[in-house]
1. What is the distance, in nm, between label points placed 7 Å from the Cα along the Cα-to-Cβ direction at A:Trp154 and at A:Asp352?
2. Can you give me the angle between helix A:267-276 and the longest principal axis of chain A, using Cα atoms only, in degrees from 0 to 90, rounded to the nearest 10?
3. So how much slack lies between B:Glu227 and B:Ser119, counting 0.36 nm per residue of separation and subtracting their Cα-Cα distance, in nm?
4. Give me the angle, in degrees from 0 to 90, between the Cα long axis of helix A:248-257 and the longest principal axis of the Cα atoms of chain A, rounded to the nearest 10.
5. What is the distance in Å between the Cα centres of region A:152-176 and region A:322-351?
6. I need the semi-axes of the equivalent ellipsoid of region B:95-254: take the C-alpha gyration tensor, multiply each eigenvalue by 5, square-root it, list largest first in whole angstrom.
7. Would you mind checking the tilt of helix B:149-161 against the longest principal axis of the Cα atoms of chain B, expressed as 0 to 90 degrees and rounded to 10?
8. What does the accessible area per residue of region B:4-253 come to in Å², with a 1.4 Å probe and no ligands, DNA or RNA counted?
Amino acid sequence: MLVKLLSGSMKKMWKDYLVLLFGLTISIAIFYMFETLAQNKAFLEANALISSIVFVFHVGTFILGLVTIFYIFYATSFVLSLRQKELGMYMTLGAKKGKVTQMMFLETLVIGIISLIIGLIVGVGLSEGIARLLMSRLDFSGEGFQPLYASSLWTTVIFYMILFLLTAIVNAIRVARKSVLELLHADQKADNKVIKGWKTFVGTLFAIVLITFGYFAMINMGELAHVGVLIAAATVTPGTYFFFMAMLPFIIKRIKGIRSINEKGLNAFTYAQLDFRVSQLSKVLGTVAMLIALGLGAMTAGLSFYHNTEIQSSLTHSYDIKVHQPTEEELTEMENWEFEERNLYSYRVTDDGVYFSKHDLQANPPMIKEFTGNLDELTEEVRVENNLSASIYTNDEETDNGETMPEQWQTALRTELLANFYMFGDRSLYILDQEKWEEINAETQTVLIGKVDNFTDYTDTLEEIENRHLQLALEFTGEEPLTTGSKYANYTSLKSLANGTIFMGLFLGVAFLMMMASVLMFKLLSSATADIGRYQMLRKIGVRQAKLKKSIYKELFLVFLFPGLIGLVHVLIGMEMFSFLLIEPYTKIWIPISLFLVIYGLYYWLTVKMYQRIVLPKG
Amino acid sequence: MTKSVVNVENVQKIFGKKSENQYKALDNVSFTIKEGEFVGIMGPSGAGKTTLLNVVSTLDKATSGKIEIAGQDITDMKQNQLADFRSDQLGFIFQDFNLLENLTVYENIALPLSLQGVSSKKIKPLVTQVAEKLGIKSILAKYPVTISGGQKQRAAAARALVHEPAIVLADEPTGALDSKNAHSLMKTMEHLNQYHDVSIMLVTHDPLSASYCERILFIQDGTLYKEITKSGDQQQFHQQILNVLAELTSIQSS
């Protein structure tokens, strides 16, 4: 009979349950998505640039697990708040406490299991969809990635079953402990906990100390290595929760305590709204902040690896474009390019050597990248010293015919003029004056080198040139090399190496930010119904609709602001972790951050609108 | 001659669209409440009491007719004007208190003043003053959940009075109170009316509560049925009310 009653009223409150199911489902789906990567060792090791990637993912699982535990406990307590009044009523009608407790237990568990099933299906679908989208965008084959990964499936099932069992027990105990009256009047009860001063102080202290330690570990990740990752994870995560549990309520209380602010217009109400469910809010906001940190961090790291390939490929190359024996077609195409510098050099090739005209080289001495030995700036650009006085220079050490070619000129010819082993095999390099040059019996060829503003704009043409160079190399050496060693070739091979890492970053970034959105949405929609009466009352005593709207904008702005801010700071400091892997981890960091801000802002606006639709009286 | 604070002329309220089944909740109702008067509205359930209160309190619009409060015609005001008007001129007391449970009693009472932009310096003495009048000064720092029903209703009354509205509209204020608390609240309202010149319009179905009023309008099926004025003591007035109600019941059952 009780089962019948419960399922009957579950139907009545299906909207509330839908919100709950949605929240749980997304959490499960995201956890599963994360695990498809985290447990696929072969894929990780084959595709990541980070050597200890498997370890990093273990730590990630730990953080995500912790965040999930907080979230699931909060979300399932919502079942209790939906239900307790009704359970109290059954008890007044004669239902035994044991029976009611049992019902609460079963209901929490059943909802958990339903969401687990849906969540896993959604998770597999999302992994497949997002992975496919990213792979096609990145030109990344992603071999070995499996959206349906058995061991991840099991981990998710076991983890959530334990969680749901625990939360079911907690909910049951909570019901068992309450008297009939407490259950009946549960909805009128304010859970406005009085926060003790010393608790706030200790909590705040913990938050500051833990986060400081974590930041220190992240900044010194190069030396601390694995230990550093562990320290960062174990300090920043609880530190963030402490911040939201102790410091934020304290800050809000303080603002509320200032009479001139609190008693202005609707402020008393707005801050009370914030302050009222402060203990619930704090866990949710901690979770949101951590998810923002993880999501934005993963995305920023991914994009940073992406930009890093460009920086890395420019590390040894001064010129972006090198073309041997340019064709008419290529020359006309390049007419439209905006060159910062463009030089043309003549050379002749025999079976033994590659001969460059000193005249051309001295007319336009090329630039090269030289290693500085300084870690902040690995190489610097210098123009080759124009000091060629002899008539013959060569890099062939076994001949007496001519001077040894200066180091700078060797680098210039090999790297910038692409007269390297890939192109010309083991031919020696020569720089000859006009007289000696004329003596070489071979056709004159030219090589064009140039600098452009943004060389990735021209990758299509560069790919064609690269292919022609490979054919040219085949003619010179008798075999087609794997690469020509040009900047473009370096760039593409580095990019394909980094693609796996970029893929992981973006995949996780999208997943975490999705979960963040669902957590915030859940928090909001699950508490909105309770607010309807308050806004109705305010309207009755004569608050303008516009003021009510403004109050909602303000309340939610603060709800969005703090986790956004904390998450952002975590990311900014956290990127230091990669400084031993990436040359410039902060390059173009404004791209992911402004992307995030725009999406977060839109999401804020959308949430405000949805909330207003629920709580504001019509007309 | 005293000014009228509420002036209702030929007010009609029809529910339902023209094409559908229409229902006249109020039909040609007219009455006035003078400044400083304590007027009760009575009638059986479904007679139109709540509709009348909603229309007078600007929460609902009359289909036709004219309503003036404190000399202002509210029938053609816009939404925002109405909101401002409510916060300025009206005080509400509801059956279910309608206190905001996330604000302290003090903040609840202060809210109408804050909304009018009164500076926080001036708010405090005003709130303390009205709380003293209603005998709830000691619970100002508490949250509504921690106080009794009677105290809640006093807090609600304080909130209704703090900005000195033209009229206080009370909708079954004793409905959720036990007889002792109800009696004490009505005494307080009577006192406020007599010694502080607060105009009150009270909607109730409880004859005892109604007997504190000076004048009672009975409505039946959306029209004004009868009007009686207190002439003797409260006991007699109570009996008078009971008689009219008996009349109404006999009409209904015949």
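The values are calculated or read from the model by the stated rules, or taken from the named source; none is laboratory data. This is a predicted model, so every value here is computed, not measured. Cβ coordinates were reconstructed from backbone atoms using ideal geometry, including for glycine residues, and neighbour counts include every protein chain displayed. Note: areas computed on protein heavy atoms with side chains; ligands, DNA, RNA excluded. Shrake-Rupley method; radii C 1.70, N 1.55, O 1.52, S 1.80 Å.
1. Simple spin-label model gives 6.9 nm for this pair.
2. Approximately 90 degrees, to the nearest 10.
3. Length gained between B:Glu227 and B:Ser119: 34.5 nm.
4. 60 degrees
5. 68 Å
6. After diagonalising the Cα gyration tensor, the semi-axes are 33, 16, 14 Å.
7. 90 degrees
8. For region B:4-253, the per-residue accessible area is 43 Å².
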